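What follows is one structure encoded as structure tokens, with my remarks underneath.
The values are calculated or read from the model by the stated rules, or taken from the named source; none is laboratory data. Since this is a predicted model, take the numbers as computed values, not measurements. Every residue, glycine among them, receives a Cβ derived from its backbone with ideal geometry; neighbour counts consider all protein chains shown.
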Amino acid sequence: MLILSLFPGIDLLGRGFEAEGFCVVRGPDVLWGGDIRSFHPPAGRFEGVIGGPPCQDFSRARRSAPTGYGLEMLSEFARVVTEARPMWFLMENVPTVPTLDVHGYHVQRVDLDARECDSAQSRLRHFQYGDQRGYVIILERNAKRSDAQPCCMASEGKRHVRRTWADFCELQGLPRDFTLPGMSIEARYKAVGNGVPVQMARVIARSVTAARAPVGFRVCECGCGRPVGGRQVTATVACRKRLQRQRDLVGVTVHDMVTLFECESPGESQ
């Protein structure tokens, strides 16, 4: 299972896939002096492509107008997928990121909270899974931990009062003695904080391994990735509330089918 990791940074997402048996080849990253815009992968060599393009332009927490860089990097991700022609791709970002449109791939949007992956931090991340076969992923979600700490942010290294480096790494799924030689304290926190918690990456990797055609079931319309059957359109009460928020966001007032493919700003997971 050879896969290509884009925008890797220190690649916590790739580490999670490696822990689940994938072999990861890492593409260029600005952290190491690389530029994806000059990168051209070979076609037909990789089973999958994973990665998290810069999310600042799409984040609700941004304090300035979008720069356009986020959309440019989304386009670069799509270009690399088009050139590599893997069987599937997985993109990680914030829930308000636009849907990635790559010709020949069916795209599924899924939100996941780190607390549902047995992580001790509250962190919501968004994933888009594209598959040439039309397969979907079904996530193994645990009950959310009640003892979760605040999200690990890339900016935590700038704070005077911050969690210890060992605690910060542990929350992100790294060993407590993890090191990044040659980096300043601020740069180290930023590199680790920008990553997907390894616990979450492993859950996603397992779901990709088990991806299958939606035969005999459909996927919940709220984007949680849970299967539904019969006349159901949502899996849980929380899913129904989330779907209604999505309807409200796009101004839908009648009870027609509304999916995340029609919403650029899906609500947060419950």
Original post:
Can you name every residue in segment 215-270 that is at pLDDT below 50, closer than 22 Å to residue 98 by Cβ and under 21 Å from the mean Cα position of the chain (by Cα)?
Top reply: 259, 260, 261, 262, 263, 264, 265, 266, 267, 268, 269
Subject >> Residues of segment 46-80 classified as more than 22 Å from residue 10 (Cβ to Cβ) and at pLDDT 90 or above, total >> reply: 5
Original post:
Can you name the residue in segment 1-37 that is assigned to a strand (DSSP E or B) and not β-branched (Val, Ile, Thr) and is also nearest to residue 77 (Cα to Cα) among such residues?
Top reply: 6
Original post:
Within segment 150-189, can you find the residues that are in contact with a strand residue (DSSP E or B) (Cβ under 9 Å, 6 or more places away or on another chain) and more than 18 Å from residue 13 (Cβ to Cβ)?
Top reply: 150, 163, 167
